[in-house]
Amino acid sequence: MVKITINDLSFGYASTKILENISVDIHKSSFVSIVGPNGAGKSTFLKCINKILTPDRGDIHIDRRNIRQMKRMEVARNIAYVPQSSNRVFPTTVFEMVLMGRRPHLGWFSNETDKEKVWHVLEEMGLDELALRNFDELSGGQQQKILIARALAQETGVILLDEPTSNLDIWHQLDVMENVKWLVNNRNVTALMVVHDLNMASKYSDRILMMKNGRIVSVGDPVSVLTCENIEKVYGVEAHVHTHEGIPYVMPLKQRGMTADA
Amino acid sequence: MLGLFKKQSRKSDTDSSGSSHRKQTSDARSDYQRYVGRKMLFMFVMLALVIFLGAFIVTVGPLEVSVIDVYKILFSRFFPDYFINADLPSQVVWNIRLPRIVAGIMAGFGLGICGCVMQSVLKNPLASPFTLGISSGASFGVAVAAVMGVGIISGPYLLVGNAFLFSMLCAMFIIALSSLKGATSETLILAGIAINYLFSSLSDLFHYFATDEQLRLMVSWGMGDLSAFSWSNFMLLLCIFVFCTPLLYLKANDLNIMVIGDENAKSLGIDANRVRMFCMLLASLLIATIVCFTGTIAFIGLVAPHMARMVIGSDHKYLAPASGLLGALVLIVADVVGMNIVRPTIVPTGIMTSLLGVPFFMYLILKRKRKEFW
Amino acid sequence: MRQVFSYFAGILLLACLLFGTTTAYAISSALPCDDGDDVLTEKEVSYTVCDYMLEASTYTLDDVGDASYIFTFWDGKPKTITDGHDREVTFYRPVERIITTNPDNSRIVIALNELDKIVSTDECTRGGCVLPRNSNDEKIALGAWEALQIYGGGELDDLPETNTRKEIDYETMALLQPDVVLDTLWYNRGDLIEEKVGCPCVDVGSGFTFEENYYQIQLLGNVLDKKVRADELEDFIRSKVEMVAAVTSKIDESEKPTVYFAPRGATKGFYDAVEGRDFTRTEAVYEPLNIAGGINLAKDCTGNEINVAPEQIVVWEPEVIFVARSTWDGESGVGFVKDTPELSEIPAVKNGRVYDCFYPYCRGRPVDRSLLNMIYMAKRLHPEEFSDLDLEAEGNEIFKELLGVDGLFSELAEYQTFPKEVY
């Protein structure tokens, strides 16, 4: 549905370069995972795409429109962002949380149509019983699903997810991944997900983007990216890659020096 | 169409929360309708209480005027041809009691709504309308006026004018400062605290040089008092009030989103810094206007939003007006108690507000369910 | 959008409604029995009087009486005076009922023999600032309390209290229907009082120069139509000032001792952190001291009430120190000054010239204490020149003139005994 073109993107705080010369095309309705060691600039990359951070150099085009020329509200109508977690000072009910996703589409009033859409999303995801619960009271898995529901309510062509599975047990990890995959397949959504679990990335993504030190090391389908050489180069870890039903699975064996964070 | 995941998700709910499932969809919706209905009811009750109490308080005072006479006097202002009344009760009701009540309602409402807005945009439950150093600025303005007699306008409005000028100066300075540095809520709060210290020490300096009478003037101003409000300064307050509150209220949706953090807000299309600046500016303007007429009644701005949040939740479309109504309610009740509890001595409104408000607030804190709020 | 619109419309409607009603507030601003031109002519007055006598009048006896008064004494016109804030205050009725909000004004009203017109007053007038009380807030000099009878009988503290230093009860004030409220200069609330109480309000205060006292006396004399008595009172004070000044003006400046004046006493030492005042607090302007033939060391300081460093007092090398005693039976600060090692090298301490004096304040600048201090300080500073001046007789005369009571000074000297040292 939407194609994202990123051309020569650079971003940094003061003298520290976080992202350097990133150029990549993301095809429509594909599931792209971004992997890489901590501090590789993965989250920053997502935030640049979403205009939360403004890049120093380079352009990002969504359907050939430069997001620099788009208003923030317009970006929000095209790209949804699912944060890793949402820390709130004040309590918010689940319904209100999901309703926030409608904000880019409405004026001052949340009219019945918007509320109907929120109910619809909640019901689709089986969250309607939680509608009046307090967001903070819920389990990590439920919270993550609600944040995804919010992105869904935003009705955008692109969803960015920042480590949505990091705090979850494997059941919920699979649950979240299945949800996203379903969106990509049935709703033509383009999903960009930062994820640490290489096996999850491998199992669900169409393409994997491997980053280190603000640069793209490798990009392509899981089989071509998840190789022993790439993993050793990026993570400094000796690993065994085992292919099952055409999907590569990574089994880390041992560290190689202390290069992982360098 | 999402049958597969519906089933799975249902299962996940059962697994993780252990609650009985298979509630009908319509149940959740009707629960929500009832929830909204409760909020509306609460708002309505609050509004009715404020009106009722205002109408009751106007009949209370040392001058014995019957309830009917009081309303005859009030209506005679609107329909002078139909009601005729004596001078003295008319003077008392119209020029003494009513301005006090109107001032109480407007000041309480303004403080409540501004407190709510500031807590949300600063994402800090300890923020109050005076976080930006407004009260210390105002106190300093009063100190300058009292000790040196210097101000932008002279005459009876010297104090008021100075209080307003300096509180706005303080707020503007902080807002300007933090807009240079990106206006995160932390910058605003820190700058506010710093400015608070600066201006309180400046006021202390003036206290040191003040004569006995000037000192009294500053101290009694600092306690907060509604009696200085009169019809002649009503229009100014009303204009600012009518200008600020609707604009703040129009930001209700954005305020809801502000509390989930700047980055999240940005991803939903809200420019967090701009919204914060806008709200802080309007709130400062309104607070400075209220403060220069009534002195510092700090407690309401801090606590009314919390009280409202405990009862009504944190949807600002309900929360903001509810904070305002609660603020107005607490202030007029405190004022009438302060005026009448140890007659003929009057207890200053600011003191009475805290004396009455704190126990009520404590009760709410202890009563609330664990983890329900904050 | 419709809801937003209706919200705005509602607010605006409310605003208009309130606006329409606030424009008109009025205090009674017409002469009694007047035909509307603000001048009472002989014809108008005589017709009203005749009508009244024929029982054909709609006016009350009060109205007719006031009208005759205004015609006779005010040329039939409203009386306008300018008060201490340069506010124009217009009176449409002679003053029969007075509310005072501070002891300075109460004292002058009493001195003008108009105590029976005061209908309510402030906490300090009722307390110990016009008539004395001891530090337990009990009345002393009971004879004086009894001698000053208020309207309808009773002592000063039987008057209703309508304001304190912090609060003001407008409603009770309005309830008492005063003809004038006499407020201090400090609060700058004359217009507010006029609007809320519905009667003229005059802002006037006292000071530490006698000119300020004369101004206050004359202004209040004018407000209360007591010009003759006001002149008499001013002449009395002038005569006392001249009596002392006549002697001291002949003394050469070099003969006059330098004085450090500590009007706030020294009960807590150098500096009291709460009130910010004690021994290091002094007055730059205190005319009674100058007239008494002393050189005020703080005279060149900026400001009125100022705090100085203890070291500054040492540097000034005062030859005499006056320490005030704020209560009639309170402790003296003299002991502190004499015993403190920091001050031991000061000439005044070495030569034993540290004296008590009268507390010059009491929620204001009481003129009686200014006069007493002037005479007392004169006797202290120049004992030989003033050896024939009888402080007790003068003190009693001052209280007699101001309060109309006999022997008050002698009685007070039983509580505050230091004046006896210079008898």
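Each value in this text was obtained by applying a stated rule to the coordinates, not by laboratory testing. None of these values were measured; they are calculated from a predicted model. Here the Cβ positions follow ideal geometry from the backbone for every residue, glycine too, while neighbour counts run over all protein chains shown.
Computed over the Cα atoms of the stretch C:184-248, what is the convex hull's projected area averaged over all directions, in nm²?
Values: hull surface 20.1 nm².
Mean projected area for the stretch C:184-248: 5.0 nm², to one decimal.
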Report task. Using θ = phi - 60° and the Karplus relation 6.51 cos²θ - 1.76 cosθ + 1.60, list the HN-Hα couplings for the stretch C:327-344 in order, rounded to whole Hz, with x at every Gly or Pro. Result -> 10, 5, 10, x, 6, 8, x, 4, x, 4, 5, 6, 8, 5, x, 4, 9, 5
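Under a point-charge model restricted to the Cβ atoms of Lys and Arg (+1) and Asp and Glu (-1), what is the dipole moment magnitude of the protein assembly as shown relative to its Cα centre, in debye to the nearest 20? Walk me through the numbers before you get to the answer.
Numbers: 98 positive and 128 negative charges, 1724 e Å.
Rounded to the nearest 20 debye, it is 8280 debye.
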Report summary line: Taking N as the number of residues in the stretch B:151-267, the ratio of its alpha carbon radius of gyration to 2.2 N^0.38 Å works out to 1.36
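Do the sum for chain B: with -39,500 (n - 2.57) for every DSSP H run of n ≥ 4, divided by all residues, what is the mean residue ellipticity at 222 nm, to the nearest 500 deg cm²/dmol?
Numbers: 16 runs with 275 residues, N = 374.
One gets -24500 deg cm²/dmol as the mean residue ellipticity at 222 nm.
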Query raised in the report: Under 19 Å Cα-Cα from B:K251, which aspartates and glutamates qualify once same-chain neighbours fewer than 8 residues away are excluded?
Result: A:E74, A:E96, A:D114, B:D262, B:E263, B:D271, B:D315
**Report entry** Cα→Cβ-extended label distance, 7 Å offset, between A:H61 and B:F56, nm
**Finding:** 7.0
Query - Label-point separation in nm, B:F44 to A:E116, each point 7 Å along Cα→Cβ - result: 2.6
Query raised in the report: For the Cα atoms of chain A, what angle does the longest principal axis make with the long axis of helix A:140-153, in degrees from 0 to 90, nearest 10?
Result: 70
**Report entry** Proximal lysines to C:K400, defined as alpha-carbon separation beneath 25 angstrom and excluding residues fewer than eight positions away on the same chain
**Finding:** C:K117, C:K139, C:K226, C:K227, C:K240, C:K379, C:K420
**Report entry** P(r), alpha carbons of the stretch C:251-422 - 5 Å bins starting at zero, rounded %
**Finding:** 1, 9, 17, 23, 21, 15, 8, 3, 1, 0
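Please state, to two decimals, what the Cα-based radius of gyration of the stretch B:44-366 comes to when divided by 2.2 N^0.38 Å (N = residues). Write down the numbers at each step before the final one.
Numbers: Rg = 20.1 Å, N = 323, 2.2 N^0.38 = 19.8 Å.
For the stretch B:44-366, the normalised Cα radius of gyration is 1.02.
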Query - Cα lying deepest toward the dipole's positive end in the stretch B:161-276, options B:W231, B:A163, B:V259, charges on Cβ - result: B:V259
Report task. Over chain A, calculate the relative contact order: mean separation of alpha carbon pairs under 8 Å at least 6 apart, over the residue count, as a percent. Result -> 24
Report summary line: Residues meeting the amide H criterion for A:A239 (H placed from the backbone, H to H distance under 5 Å, 5 or more places apart or on another chain) are A:L253
Report task. Express as a percent, rounded to the nearest 5, the fraction of DSSP beta bridges in the protein assembly as shown (both residues included) that run antiparallel. Result -> 50
Query raised in the report: Can you give me the relative contact order of the stretch B:44-366 as a percent, contacts being Cα pairs under 8 Å and 6 or more apart?
Result: 28
Report summary line: P(r) over all Cα-Cα pairs of the stretch A:4-255, 5 Å bins from 0 to the longest distance, whole percent per bin, short to long, reads 1, 6, 13, 17, 19, 16, 13, 9, 5, 1, 0, 0
Query raised in the report: Cα axis of helix A:170-187 to longest principal axis of chain A: angle in degrees, 0 to 90, nearest 10?
Result: 70
Query raised in the report: HN-Hα J couplings of the stretch C:103-113 from phi, Karplus 6.51/-1.76/1.60, θ = phi - 60°, integer Hz, Gly and Pro as x?
Result: x, 4, 6, 4, 4, 5, 4, 5, 5, 7, 6
Report task. State the Kirkwood hydrodynamic radius of chain C in Å, one decimal place, computed from all pairs of distinct Cα atoms. Result -> 24.2
Query raised in the report: Going toward the positive end of the dipole of the stretch B:44-366, with +1 on Lys and Arg Cβ and -1 on Asp and Glu Cβ, which of B:L302, B:T59, B:T187 do you reach last?
Result: B:T187
Query raised in the report: 222 nm [θ] for chain A, helices only, -39500 (n - 2.57) per DSSP H run of 4+, per residue, to 500?
Result: -9500 deg cm²/dmol
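Over 22 Å between Cα atoms: which of A:K3/A:K145; A:K233/A:K254; A:K181/B:K266; A:K145/B:K266 fall into that group? Present the calculation step by step, with values, prior to reporting the outcome.
On the way: A:K3/A:K145 25 Å; A:K233/A:K254 13 Å; A:K181/B:K266 25 Å; A:K145/B:K266 20 Å.
Violating the 22 Å limit, Cα to Cα: A:K3/A:K145; A:K181/B:K266.
What does the charge count near B:I57 come to, summing +1 for each Lys or Arg and -1 for each Asp or Glu among other residues with Cβ under 9 Å from its Cβ? Show your work: numbers first, answer last.
Details: positive: B:R97, B:R100; negative: B:D335.
Charge balance in the 9 Å sphere: +1.
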Query raised in the report: Whose amide H sits under 5 Å from the amide H of C:F91, counting only residues 5 or more places off or on another chain, with H placed in the peptide plane?
Result: C:K79, C:T80, C:I81
Report task. Show the residues, 5+ positions off or on another chain, whose built amide H is closer than 5 Å to the amide H of C:D203. Result -> C:G84, C:H85, C:D183
Requested in this report: Report the semi-axes of the equivalent ellipsoid for the stretch A:1-86 in whole Å, largest first, where each axis is √(5λ) for an eigenvalue λ of the Cα gyration tensor.
Outcome: 19, 15, 14
Query - Length gained when the stretch B:Y197-B:F173 is fully extended (0.36 nm per residue, less Cα-Cα span) - result: 7.2 nm
Report summary line: Relative to chain C, whose Cα atoms define the longest principal axis, helix C:210-223 and its Cα axis are tilted in degrees, nearest 10, by 20
Query raised in the report: Once phi is turned into ³J(HN,Hα) by the Karplus curve 6.51 cos²θ - 1.76 cosθ + 1.60 with θ = phi - 60°, what whole-Hz value does each residue of the stretch C:119-127 show in order, with x for glycine and proline?
Result: 9, 7, 8, 9, 4, 7, 5, 5, x
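If Rh is defined by the Kirkwood formula over all Cα pairs and Rg also comes from Cα, what ratio Rg/Rh do you get for the stretch A:117-256? Spell out each step's value before the answer.
Details: Rg = 16.9 Å, Rh = 16.5 Å.
Ratio of gyration radius to Kirkwood radius: 1.02.
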Query - Partner aspartates and glutamates for C:K299 [C-alpha distance under 13 Å; skip if fewer than 8 residues away on the same chain] - result: C:E283, C:E287
Report summary line: Site C:Y415, offset 7 angstrom along Cα→Cβ, radius 14 Å on amide nitrogen, limited to the stretch C:359-381, gives C:359, C:362
Query raised in the report: Size of the stretch C:129-272 along its principal axes in angstrom, Cα-based, largest extent first?
Result: 59, 41, 34
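Okay, helix-only estimate at 222 nm for chain C: each DSSP H run of n ≥ 4 adds -39500 (n - 2.57), divide by all residues, round to 500 deg cm²/dmol; what do you get? Spell out each step's value before the answer.
Working: 17 runs with 170 residues, N = 423.
So the calculated ellipticity at 222 nm is -12000 deg cm²/dmol.
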Report summary line: Here the relative contact order (percent) of the stretch A:95-193, from C-alpha pairs under 8 Å and at least 6 apart, is 31
Query - Computed label-point distance, nm, for sites B:L190 and A:T5 using a 7 Å Cα→Cβ extension - result: 4.2
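Per residue, how big is the convex hull around the C-alpha atoms of the stretch C:27-76? Give it to me in cubic angstrom, could you? Kindly include the intermediate steps, with their values, before the conclusion.
Values: hull volume 3.7 nm³, N = 50.
Each residue corresponds to 75 Å³ of Cα convex hull volume.
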Query raised in the report: Which of C:C129, C:N105, C:V89 sits farthest toward the positive end of the charge dipole of the stretch C:79-178, with +1 on the Cβ of Lys and Arg and -1 on the Cβ of Asp and Glu?
Result: C:V89
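Can you divide the C-alpha Rg of the protein assembly as shown by 2.2 N^0.38 Å and report the result to two decimal places? Present the calculation step by step, with values, prior to reporting the outcome.
Values: Rg = 39.0 Å, N = 1059, 2.2 N^0.38 = 31.0 Å.
In units of the globular-protein estimate, the protein assembly as shown measures up at 1.26.
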Report task. With a length cut of 30 Å (Cα positions projected on each helix's long axis) and a Kyte-Doolittle mean of at least 0.0, go through chain B and give me the DSSP H helices that pass. Result -> B:25-57, B:98-121, B:158-180, B:185-209, B:272-294, B:316-340
